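Bear in mind that the values in this text are calculations on the coordinates, not laboratory data. A quick note: this is a predicted structure, and the numbers were derived from the prediction, not measured. Note: ideal-geometry Cβ built from the backbone for every residue, glycine included; neighbour counts use all protein chains shown.
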Amino acid sequence: MRLAELMVLFEARYPAEWAEHWDRVGLVTGRPERSIHRVLCVIDVTPDTVADAIALKADLILAHHPLLLKGVSSVAAVNPAGRMIHDLIANDVALFVAHTNADIASPGVSDALADALGIVGRMPLRPAKFPATGDGRGHGRVGRLPVVMPLREFAQLAARVLPTGDLGVRIAGDPAKRITLVAVCGGSGDEFLPQARELGVDVYLTGDLKHHKASDHLLEGGPALIDAGHWATEQPWLAEVAQWLQKEASLETVVSSVRTDPWTMHVYGNFAR
Ligand SMILES: [Zn+2]
């Protein structure tokens with residue numbers, strides 16, 4: 001399939017106009033007339049994932065996070081981004097980014113997260129605004145667990161089914177609290193803490209939660225929190241989009257095995273709370 005044809009499929013599933021105004025999505029490198037056979041799916045474009053694409057002879061990297069979010073006036077190979085751009089072009093690897101437009105799509109990034117956790121009967125945590133309104137689109141997802149379980153057990157489930165590795169998950173709230181209604185948001189979801197509170201969910205699972213936001217939220221009577229990490233809450237989307245590409249475009253797809261979570265290790269202290 002030619003890259004130009006694949007772009008039409010991407011645009012239908014993740015229209016660029018659904019992206020936030022500050023976001024930069026779409027094609028970053030690549031010739032539209034070029035034939036695409038193998039796609040590497042990654043969350044982050046890093047020197048390691050670019051090297052992975054070249055080693056795998058991938059024609060395209062589909063990435064979640066933009067490589068060039070801020071405007072640049074040079075792509076000289078004098079910094080990591082410039083070197084990656086050169087490596088991509090020199091090896092004829094196209095790069096396509098689907099970021100906040102893939103977040104709010106349905107199915108989107110948070111659907112893959114909710115699926116991994118077995119959450120059913122879903123609706124958006126914050127429904128999408130024009131021009132993406134309707135059809136279950138929006139940021140995050142809210143739904144139910146098929147069985148009620150204590151917070152501790154739900155956190156253990158999350159740590160097990162998400163690629164949290166050595167980092168595990170962090171919990172805020174009573175570990176014995178009964179959990180049935182769950183809100184999730186892949187990536188950095190602290191922006192949607194008020195929605196999770198208003199909807200009266202039992203727990204909100206996302207990544208990148210900060211001290212003051214979490215403390216204030218709990219003081220205001222908000223639901224329990226689980227921070228499962230930015231990367232680990234977005235990574236399940238890669239398998240979903242890879243499967244869609246195989247089916248829709250008959251392309252060979254590879255989910256990158258490179259962990260691009262900047263956090264690599266968790267060391268425990270020896271005091272108990
Ligand atoms: Zn993200």
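Could you tell me which of rounded, prolate or oblate describes the range 105-233, using a ≥ b ≥ c as the square roots of the eigenvalues of the alpha-carbon gyration tensor, with rounded for a/c under 1.5 and, failing that, prolate when a/b is larger than b/c and oblate otherwise? Please list the in-between numbers first.
Numbers: a/c = 1.43, a/b = 1.26, b/c = 1.13.
Rounded shape, in that the Cα axes give a/c under 1.5.
Return a whole-number percent for the relative contact order of the chain, with Cα pairs under 8 Å and 6 or more residues apart as the contact set. Before the final figure, lay out the partial values.
Details: 536 pairs, mean separation 51.4, N = 273.
That works out to 19 percent.
Among the chymotrypsin sites (Phe, Trp or Tyr not before Pro) in the range 17-126, which ones are in a DSSP loop with at most 11 other Cβ atoms within 10 Å of the Cβ? Mind listing them?
On the way: sites: W18, W22, F96; in loops: W22.
Hits after loop and neighbour filter: W22.
Considering only DSSP beta bridges whose two residues both sit in the range 3-102, what percent are antiparallel, to the nearest 5? Mind dumping the intermediate values first?
Numbers: 3 of 11 bridges.
Once the DSSP bridges in the range 3-102 are tallied, antiparallel ones form about 25 percent.
If you put +1 on each Lys and Arg Cβ and -1 on each Asp and Glu Cβ, how big is the dipole of the chain around its Cα centre, in Debye rounded to 20?
Numbers: 26 positive and 32 negative charges, 69 e Å.
With only Lys, Arg, Asp and Glu charged at Cβ, the dipole is about 340 debye.
Gain in length, R31 to Q156, computed as 0.36 nm per residue apart minus the alpha-carbon separation, to one decimal in nm?
Extending this stretch completely gives an extra 40.5 nm.
Considering the Cα positions of the range 75-153, please state its Rg to one decimal place and its Dmax as a whole number of Å.
Rg and Dmax of the range 75-153, Cα atoms, are 18.7, 55 Å.
Would you mind working out the magnitude of the charge dipole of the range 27-128 relative to its Cα centre, with +1 at each Lys and Arg C-beta and -1 at each Asp and Glu C-beta, to the nearest 20 Debye?
Once rounded to the nearest 20, the dipole reads 180 debye.
Evaluate the relative contact order of the range 3-102 (contact order divided by residue number), counting alpha-carbon pairs under 8 angstrom at least 6 apart; express in whole percent. Kindly include the intermediate steps, with their values, before the conclusion.
Numbers: 165 pairs, mean separation 38.4, N = 100.
This gives 38 percent for the range 3-102.
Return the inverse of the average 1/r over all pairs of distinct C-alpha atoms in the range 3-102, which is the Kirkwood hydrodynamic radius, in Å to one decimal. Spell out each step's value before the answer.
On the way: mean 1/r = 0.0734 Å⁻¹.
Evaluated on the range 3-102, it is 13.6 Å.
Show log10 I(q)/I(0) for the chain at q = 0.08, 0.09, 0.15 Å⁻¹, two decimals, from a solvent-free Debye sum over equal Cα scatterers.
Here the Debye-derived log intensity ratios amount to -0.34, -0.43, -1.10.
When only C-alpha pairs under 8 Å and at least 6 residues apart count, what is the relative contact order of the range 105-233, in percent? Please report the intermediate quantities before stating the final value.
On the way: 264 pairs, mean separation 31.8, N = 129.
It rounds to 25 percent for the range 105-233.
If you count the DSSP beta bridges with both ends in the chain, what percent of them are antiparallel, to the nearest 5? Can you show the working numbers first?
Numbers: 18 of 38 bridges.
About 45 percent, rounded to the nearest 5.
Considering only DSSP beta bridges with both partners in the range 105-233, what is the antiparallel share in %, to the nearest 5? Spell out each step's value before the answer.
On the way: 14 of 22 bridges.
DSSP beta bridges in the range 105-233 are roughly 65 percent antiparallel.
Rounded to the nearest 0.05, what FRET efficiency is calculated for A176 and E20 with R0 set to 30 Å and r the Cβ-Cβ distance? Intermediate values should be presented prior to the final figure.
Numbers: r = 38 Å, r/R0 = 1.27.
Efficiency, rounded to the nearest 0.05: 0.20.
Output the peptides 37-43, 99-105 sorted from most to least packed, where packing is the average of other Cβ atoms within 10 Å over each peptide's residues. All intermediate terms of the calculation are to be shown ahead of the outcome.
Working: 37-43: 21.6, 99-105: 23.9.
So the order, starting with the most tightly packed, is 99-105, 37-43.
Could you give the nm distance between label points at T133 and D166, where each point is 7 Å from its Cα heading toward the beta carbon?
With each label placed 7 Å out from Cα toward Cβ, I get 4.9 nm.
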